[in-house]
Amino acid sequence: MLAAALFVVLFLVAAGVVLWLHGPNWSQLGSTFSSVRWGWVGVALALNLLSIIARAMAWKTVIDQAIEPPRPGYRAVVSAFSVGLFANAVLPGRIGEVARVAVLTRRAGKRKGIWATLLGTVFAHRVFDVFPVLALIAFVFATARMPQWAVTTVELVVIVGLALFVLALLVARQRGGSPLDGLGPVRRLIAMARQGLGVMHAPLAAAIAVAFQFAGWALQLLAVYTAMRAFHIHVPLPAAALVLLLLNVAILFPLWPGNVGLYQAAVAAPLLSYGVATARGVAFGVGLQAIEASVGIGIGMIFLAREGLSYAILKEMPEAGQVDLRSEPARHRIHVKRRSSAGDTDET
């Protein structure tokens, strides 16, 4: 999957350079933005917000199967998820995955192993993306004009995605386990994943989590489609699905904050086969990223303030692969005043 995603990234970077050097008159971008239909932009913003809520609810379902009561409430999970989106949008790497775990860890008190367990739920939550992604891929292959350069990459994504899901099932079946202290890095990672994969033992809960993920992806697809209408791009829904698919493959590994430039190339390149001019495709890419970022960063900043955190604290967090999983050492804790309010936790 890394090689496949790297191929797409390199292709789109090259495409971006070519578009910039040999593309149309970029002064046309201004006229494209001046004709934007803001009503459709508002619809796209609302759909993106609903998509975030649906994905947060999927994570909440996974968490409820992984830890004992008291469990974090819906507002706490949405808050943590939103802070993670903000961190991923403004910082390179996958800092957001650690950030959302850190927010919930603060609310869990001194429960032993909670940091590792919540990181495991993040892994499980990501694994459940496999099903809507496979559905999106099937829809794109059946209906859209898939560029030849993307076919092999998408096929590799399917293979790796299924392999990860099978791995998650196998890890979840290994009940019990050794304490995290004293284990090597790889064994600590496996132990962490096992703790967070409790949902794999609950078919109904797993189905609910997958349903929320499907809802989140469907809402995001509709957001892309309505954003196209805002920029006077009148192409069928399969074209929006193709853009969403290739966009998510291209930004799988955040190379710099927002992947600005790469994002626009990932949007404009597949639209060329639908007769969309390069300037309009790039303008749409700028607008689509602004729509998604305004929602993610906007609500992220609101919940960041609600949690008593700051941008400086987020920058000090290690990336997901650098977290010491043996315990919750002081250097990885967020030293801010904990806030409590009614509804922050619930027991089921």
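Contact map, region 30-42: residues that are within 18 Å of THR278 (Cβ to Cβ) and among the aromatic types (Phe, Trp, Tyr) paired with residues that are surrounded by 11 or more Cβ atoms within 10 Å (Cβ to Cβ) and modelled with pLDDT of 85 or more, Cβ distance under 9 Å, separation 6+ or inter-chain. Pairs shown: PHE33/PHE231; PHE33/ALA283; PHE33/VAL286; PHE33/GLY287.
Kindly establish whether LEU222 is buried (at least 21 other Cβ atoms within 10 Å of the Cβ), touching a residue at least 12 places away in the same chain (Cβ under 8 Å) and among the hydrophobic types (A, V, I, L, M, F, W, C). Don't jump to the end; show me each part of the working.
Numbers: buried (at least 21 other Cβ atoms within 10 Å of the Cβ): no; touching a residue at least 12 places away in the same chain (Cβ under 8 Å): yes; among the hydrophobic types (A, V, I, L, M, F, W, C): yes.
In short, no.
Does region 68-80 include one or more residues that are among the charged types (D, E, K, R), surrounded by fewer than 24 Cβ atoms within 10 Å (Cβ to Cβ) and not in a helix (DSSP H, G or I)? Checking region 68-80: at least one residue is among the charged types (D, E, K, R), surrounded by fewer than 24 Cβ atoms within 10 Å (Cβ to Cβ) and not in a helix (DSSP H, G or I). Applying the criterion of being loosely packed, with under 12 Cβ neighbours inside 10 Å, within 26 Å of VAL235 (Cα to Cα) and not β-branched (Val, Ile, Thr) to the residues of region 139-194, the residue that is modelled with the highest pLDDT is ALA142.
Just for region 81-107: of the residues that are β-branched (Val, Ile, Thr) and within 22 Å of ALA290 (Cα to Cα), which one is surrounded by the most Cβ atoms within 10 Å (Cβ to Cβ)?
The first filter runs over region 81-107 and keeps only residues β-branched (Val, Ile, Thr), leaving 83, 90, 95, 98, 101, 103, 105.
Now drop any that are not within 22 Å of ALA290 (Cα to Cα), which leaves 83, 90, 95.
On the way: VAL83: 26, VAL90: 19, ILE95: 23.
For region 81-107, the residue satisfying everything is VAL83.
Every test in (1) touching an Asp or Glu at 6+ places or on another chain (Cβ under 9 Å); (2) assigned to a helix (DSSP H, G or I) is passed by ARG111 save one, and that test is (2).
For residues in region 108-122 being crowded, with 22+ Cβ neighbours inside 10 Å and of a type outside the set (Ser, Thr, Tyr), which is nearest to TRP59 (Cα to Cα)? Don't jump to the end; show me each part of the working.
Step one: of region 108-122, the residues crowded, with 22+ Cβ neighbours inside 10 Å are 115-122.
Then keep just the ones that are of a type outside the set (Ser, Thr, Tyr); that gives 115-116, 118-120, 122.
On the way: TRP115: 15, ALA116: 15, LEU118: 10, LEU119: 11, GLY120: 11, VAL122: 7 Å.
In this case the residue turns out to be VAL122.
Residue check: PHE123 meets all listed conditions (1) outside any helix (DSSP H, G or I); (2) more than 18 Å from ALA269 (Cβ to Cβ) but one, namely (1). Only a single item in (1) in contact with a His (Cβ under 8 Å, 6 or more places away or on another chain); (2) modelled with pLDDT of 85 or more is not met by ASP324, and it is number (2).
The values are calculated or read from the model by the stated rules, or taken from the named source; none is laboratory data. Keep in mind that what you see is a predicted model, and the values were worked out from it rather than measured. Note: ideal-geometry Cβ built from the backbone for every residue, glycine included; neighbour counts use all protein chains shown.
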